[in-house]
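What follows is calculated from the coordinates using simple rules that are stated; it is not laboratory data. The shown structure was predicted, so the numbers you read here are calculated from the model rather than taken from an experiment. All Cβ positions, glycine included, derive from the backbone under ideal geometry; neighbour counts span all protein chains shown.
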Amino acid sequence: MVVPVSAGRGPEQDREKDRERDRGQRRGRGDAGSSLVIAVSVMFVLSSLALAGLARTLSAMKSVRDGQDYATALAVADAGLNDALYRLDHGMADTPVWDGTGQSGPGTFHYKATRVTPQEFEIESRGVVSGTQHGIRATVVRGPSFALFADDRLDIRGTGGAGTLGLSVSSFAVIGGTDTNQVNIGSNTSITVGLGGDAGDAQHTYGDRQSCSGCSNWVRHDRRYPLPPVEEPSGATQPCPITGTFTGTVDGQNGRPFVCKRDVVMTGTITVINGPFVLYVLPHTDGGGVSHQHSLDLSTAIVNPLGRASNVQLYKAGSAALSVDTNSTPTQLTFSGLLYAAESELTIQGSKWWSGSLIVRRVKVDGAPLLTLGYDLDLERLNNDWGVSRYAEIPSSQVDA
């Protein structure tokens, strides 16, 4: 009997098929492993790029922050300079060397001030913010102190004439001493000096309408010289005498100001004890809300004739009358002090000899009087007009503070 050949797979075919399947599975596992390696490699590259970008970002942020801190430290150093100027304005000009520390915003400052001359200080200041330092050096100078200043025009014609002033000026460190040639006069508009007129050692004009005719040492300034209004002082004061009259010995109580909201008259010889004698003549407001200005009359007074000019400081608000003696007293010192009446007109009718500083709105002259005015250098310490003349950024290591 014939047995037919089977149509199914034989044993050998089955083994071959199994081998093919095994090879396919191995290829699949190989491809999967290769893909995993590639994916890991890509992730590593991307991570490296991300880390590099992050490092650059952090570095840039640190650089920006350091720059911000450096700029802020400059502002803090400037705050130290401003603090030094404030202290100069409040009495440190007589101290040769001093320093200060403080905080401004996120930083701290430390500065040192060194007097170069009585009119000039050098200030070094260092600002520190988050460990970043910035240094500056500035020269600050005191503005001119005036023997005579008028907010309006100032007319000086030597021997004088109708409406003009004969002026003879000098400056001294010791009363009656040698002329130190440091006299400044000024105006916020114009100065006219006639032939032979004495206008001091420097003539300063300010503002946009300034001119100076016949001036020997004309100094121009772009902006008006600030003449702040007289206002009531803060702190402890002394009451005004009931009659508004000052005469004889006046106790200055070491500068505690008298505040007079009424007309004031000075008469006789006025001697100051416990100086300085400081007086404010101010307006008052009545029950109806109307403001009334008040006058200052020096017509019959001899004020502080033997004292330094800083020993008497008179501040008058408003434009009410400012009166002086109509008699001629060119050989007798009848006033030694600071008279600040920036809104008042000073009328001079007789020749005078005064010592100190006069700051008024305008000088009006009747006739041809001669004003002999000695500028007492003792007044320099009352001048708080300090400003920066030179400024530079320097390495913080150079700041001697």
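Can you sort ILE175, ILE270 so the residue with the fewest Cβ neighbours within 10 Å comes first? Write down the numbers at each step before the final one.
Working: ILE175 16, ILE270 22.
Sorted ascending by nearby Cβ count, the order is ILE175, ILE270.
For the range 376-381, backbone phi angles converted through the Karplus equation (6.51, -1.76, 1.60; θ = phi - 60°) give residue-by-residue couplings of 7, 5, 4, 6, 4, 6 Hz, Gly and Pro being listed as x.
Let's see if you can work this out: charge +1 on each Lys and Arg Cβ, -1 on each Asp and Glu Cβ, no other charges. What is the dipole magnitude of the range 60-178 about its Cα centre, in debye to the nearest 20?
Details: 10 positive and 13 negative charges, 35 e Å.
Around 160 debye, computed over the range 60-178.
Each DSSP beta bridge with both residues in the chain is either parallel or antiparallel, and the antiparallel ones are about 35%. Averaged over residues, the count of other Cβ atoms within 10 Å places the peptides 365-371, 309-315 in the sequence 309-315, 365-371, highest first. One quarter of the convex hull surface built on the alpha carbon atoms of the range 268-392 amounts to 11.1 nm², the projected area averaged over directions. Note on the chain: Lys pairs 8 or more places apart or on different chains, Cα atoms under 21 Å apart, count 4.
Here the dipole of the range 146-382 is about 140 debye; that uses its Cα centre as origin and unit charges on the Cβ of Lys and Arg (positive) and Asp and Glu (negative). For the chain, the Cα-based Rg and Dmax, in that order, read 41.5, 174 Å. Residues whose amide H comes within less than 5 Å of that of GLY143, counting only those at least five positions distant or on another chain, are ASP385, TRP386, GLY387 (H built at 1.01 Å from N in the peptide plane). Among ILE394, ILE136, a tally of other beta-carbon atoms within 10 Å of each Cβ gives an order, fewest to most, of ILE394, ILE136.
How would ARG209, ARG142 line up from fewest to most surrounding beta-carbon atoms within 10 angstrom?
Ordered from fewest to most neighbouring Cβ atoms within 10 Å, ARG209, ARG142 come out as ARG209, ARG142.
Run the dipole for the chain about the Cα centre, Lys and Arg Cβ at +1, Asp and Glu Cβ at -1, nothing else charged, and hand back the magnitude in debye, nearest 20. Please report the intermediate quantities before stating the final value.
On the way: 35 positive and 41 negative charges, 357 e Å.
Value, rounded to 20: 1720 debye.
Backbone phi angles across the range 181-195, fed through the Karplus curve with coefficients 6.51, -1.76 and 1.60 (θ = phi - 60°), yield HN-Hα couplings of 6, 10, 8, 10, 10, x, 7, 8, 9, 9, 10, 10, 10, x, 4 Hz in residue order; Gly and Pro are listed as x. The Cα atoms of the range 146-382 cover 49, 41, 33 Å along the three principal axes, with the biggest extent listed first. Close amide H pairs (under 5 Å, H built 1.01 Å from N) link GLY318 with VAL230, GLU343, residues at least 5 positions away or on another chain. Toward the positive end of the charge dipole of the chain, with +1 on the Cβ of Lys and Arg and -1 on the Cβ of Asp and Glu, the farthest Cα among HIS134, ALA50, SER211 is that of ALA50. Amide H contacts of CYS240 (H built 1.01 Å from N, in plane; Pro and chain starts excluded): VAL259 sit under 5 Å, all sequence-distant by 5 or more or on other chains. An ellipsoid equivalent to the range 177-264, defined through the eigenvalues of its Cα gyration tensor, has semi-axes of 37, 18, 13 Å when rounded to whole angstrom and sorted largest first.
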